[in-house]
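Visitor: There's a structure below that I have some questions on.
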Amino acid sequence: MKEYLLLLGADQFLRERSYAGGKAIGDFQIWTAIKNAKYQYNSYFDYCINANPLSYEELKIEIAYHKSQGYKPKAIVPLNDWTLKVANRLNQDYGLPYLEEQVIDACRNKSIMKSIFNKVNIPTPRSMYFDNALQLKQLMNEFNFPVIIKPVDFGGSGGVYLANNKQECMDAYTKSKQTMEIYADDFQVSKSEFLIEAFIDSDDEVSVEVLCGHNFYEVITVTEKYLSPRPWFTEMGHLVASFRYKDKNIKDLAIQACKSLGITRGVAHVEIKIKDNNLYVIEAAARPGGDAIMDLVESSYDINPYKLHISMYINNEVKTPHAFTPKKHLP
């Protein structure tokens, strides 16, 4: 029986280097899954399963078929937020390494995540859950403006809006709902659950890539983030490594966030805001950073971070021998 690594979300733009990361691990074919692969085949990979990478049922059927043809998965690895749940469920089905279900829930649901951070005293902006306009009107009285309105379960700054007063707050909710109406079904996330969150009034923001294993955590790098002008929060640029990459407080806080959520497998992505030398964890994700951050890490550190991420889905008890020191700085 031939073994392959199934990388879910690898077809996403700027995830192409995951192929090289998987190849560097061992003698495995590197597969991904693409809806309607017959017409949208991705030639980067050794094979493309013809399935929606978010569909448990479609993937299950395809994996079973290819097993009958002499191929079985060595690991099913999520590379983005959307594939975390389905990869985890499939890994359990096939007796492969996986994260606990409650860990996935905590990393996907920002309301659960914030409650965990608060419980263990990880500094994070105050936030409250709501699912209708009446609740939001009541909650507005408990916050000082400006505030952030954001979906509970989405990513990429989608549906995230700044509001400076009550009217803007209601308008932001309307716009965020409209965004989720468009995308929620495709990404299989909630379209009706939101957070109102205190705004940390600072443009200083970093993300931290943390290698998580069984009883060990190690920061790979700290990335300086450059955001679009307010009221939007699109990430316009990244600097790897940040001039703060040796900052022990930032690194320790990122590790604490990963530990609190129970992430014990793969590369995690932690976003931290800095104001008046105080640090605030905005959120954390049990997957590598997006945009071009992983490519910049590879260029600056001569390490393919996808290799590290995938390897933890094969064996998370082996600590990497790498010393994470940047060789050069790139924009």
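The values are calculated or read from the model by the stated rules, or taken from the named source; none is laboratory data. None of these values were measured; they are calculated from a predicted model. We place every Cβ from the backbone using ideal geometry, glycine too, and count neighbours over all the protein chains shown. Each accessible area value is taken on the protein alone, full model and side chains, heavy atoms only, with ligands, DNA and RNA left out. Shrake-Rupley method; radii C 1.70, N 1.55, O 1.52, S 1.80 Å.
Visitor: With a Förster radius of 56 Å, plug the Cβ-Cβ distance of Lys246 and Tyr65 into 1/(1 + (r/R0)^6) and report the FRET value to the nearest 0.05.
Guide: 0.65
Visitor: Using the charge dipole of the chain (Lys, Arg: +1 at Cβ; Asp, Glu: -1 at Cβ; taken about the Cα centre), state which of Ser127, Ile293, Ser68 has its Cα farthest towards the positive end.
Guide: The Cα lying farthest towards the positive end belongs to Ser68.
Visitor: Run the numbers for Tyr44 and Thr325: contour at 0.36 nm per residue of separation, minus the present Cα-Cα distance, in nm.
Guide: The span from Tyr44 to Thr325 would gain 98.3 nm if fully extended.
Visitor: Another question about this same structure. What are the ³J(HN,Hα) couplings of region 302-317, residue after residue, when phi is run through the Karplus curve with 6.51, -1.76, 1.60 and θ = phi - 60°? Round to Hz, x for glycine and proline.
Guide: Per-residue couplings from phi come out as 6, 10, 7, x, 5, 4, 5, 4, 5, 4, 6, 8, 9, 7, 8, 9 Hz.
Visitor: OK, next. Around Glu193, which amide H atoms from residues at least 5 apart in sequence, or from another chain, sit under 5 Å from its own amide H, with H modelled in the peptide plane?
Guide: Val152
Visitor: Can I ask one more? Can you compute the modelled spin-label distance between Gln102 and Lys137, with each label point 7 Å from Cα toward Cβ, in nm?
Guide: Label-label distance for Gln102 and Lys137, simple model: 3.8 nm.
Visitor: Out of the DSSP beta bridges found with both residues in the chain, what percent are antiparallel (nearest 5)?
Guide: DSSP beta bridges in the chain are roughly 75 percent antiparallel.
Visitor: While we're on this one: Would you pull out the residues with amide H under 5 Å of Glu283's amide H, same chain only if 5 or more places away, H placed 1.01 Å from N?
Guide: HN-HN under 5 Å from Glu283: Glu271.
Visitor: Using only Cα atoms, tell me the angle between helix 84-93 and the longest principal axis of the chain; keep it within 0 to 90° and round to the nearest 10.
Guide: The helix 84-93 is inclined about 40 degrees to the chain.
Visitor: Can I ask one more? Compute the relative contact order of the chain as a whole-number percentage, counting only Cα pairs closer than 8 Å that sit 6 or more residues apart in sequence.
Guide: It comes to 17 percent, rounded to a whole number.
Visitor: Follow-up question, since we're still on this one. To the nearest 20 debye, what charge dipole does region 40-156 have about its Cα centre, counting +1 at the Cβ of each Lys and Arg and -1 at the Cβ of each Asp and Glu?
Guide: Charge dipole of region 40-156: 280 debye, to the nearest 20.
Visitor: May I pose another question? Are there trypsin sites (Lys or Arg not before Pro) in region 266-331 that DSSP puts in a loop and that have at most 13 other Cβ atoms within 10 Å, and which ones?
Guide: The qualifying sites are Lys319, Lys327, Lys328.
Visitor: Once phi is turned into ³J(HN,Hα) by the Karplus curve 6.51 cos²θ - 1.76 cosθ + 1.60 with θ = phi - 60°, what whole-Hz value does each residue of region 255-263 show in order, with x for glycine and proline?
Guide: Karplus-based 3J(HN,Hα) across region 255-263 equals 5, 4, 4, 5, 4, 5, 7, x, 6 Hz.
Visitor: Tell me, how many Å apart are the Cα centres for region 227-292 and for region 133-150?
Guide: 25 Å
Visitor: Further question on the same structure: Once neighbouring chains are kept in place and the probe is 1.4 Å, which whole percent of the accessible area of region 153-249 is contributed by carbon and sulfur?
Guide: 49 percent
Visitor: Another question, if that's okay. How big is the equivalent ellipsoid of the chain along its three axes, where each semi-axis is √(5λ) from the Cα gyration tensor, reported in whole Å from largest to smallest?
Guide: Output for the chain: semi-axes of 33, 24, 17 Å.
Visitor: Rounded to the nearest 20 debye, what is the charge dipole size of the chain about its Cα centre when +1 sits on each Lys and Arg Cβ and -1 on each Asp and Glu Cβ?
Guide: The dipole magnitude comes to about 420 debye.
Visitor: Nearest 500 deg cm²/dmol is fine: what mean residue ellipticity at 222 nm does the chain get from its DSSP H runs of n ≥ 4 alone, each adding -39,500 (n - 2.57), divided by its residue count?
Guide: It lands at -10000 deg cm²/dmol.
Visitor: I've got another one for you. For the pair Asp185 and Asn144, how long in nm is the line joining their label points, each one 7 Å along Cα→Cβ?
Guide: Using points 7 Å along Cα→Cβ, the separation is 4.3 nm.
Visitor: Which listed residue (Ile148, Pro97, Leu79) has the Cα farthest towards the positive end of the charge dipole for region 14-160, taking +1 on Lys and Arg C-beta and -1 on Asp and Glu C-beta about the Cα centre?
Guide: Value: Ile148.
Visitor: Relative to the longest principal axis of the chain, what angle (0 to 90°, nearest 10) does the C-alpha long axis of helix 56-68 take?
Guide: The angle comes out near 10 degrees.
Visitor: Take every Cα pair under 8 Å in region 177-286 that's 6+ residues apart, average their separations, divide by the length, and report that relative contact order as a whole percent.
Guide: 26 percent
Visitor: Still on this structure, I have one more. How far apart, in nanometres, would the label points at Asp201 and Leu14 be if each is projected 7 angstrom from Cα along the Cα-to-Cβ direction?
Guide: According to this spin-label approximation, the distance is 3.0 nm.
Visitor: Taking amide H positions as placed in the peptide plane 1.01 Å from N, state which residues far from Ile220 in sequence (5 or more) or on other chains have amide H under 5 Å from it.
Guide: Glu209, Val210, Leu211
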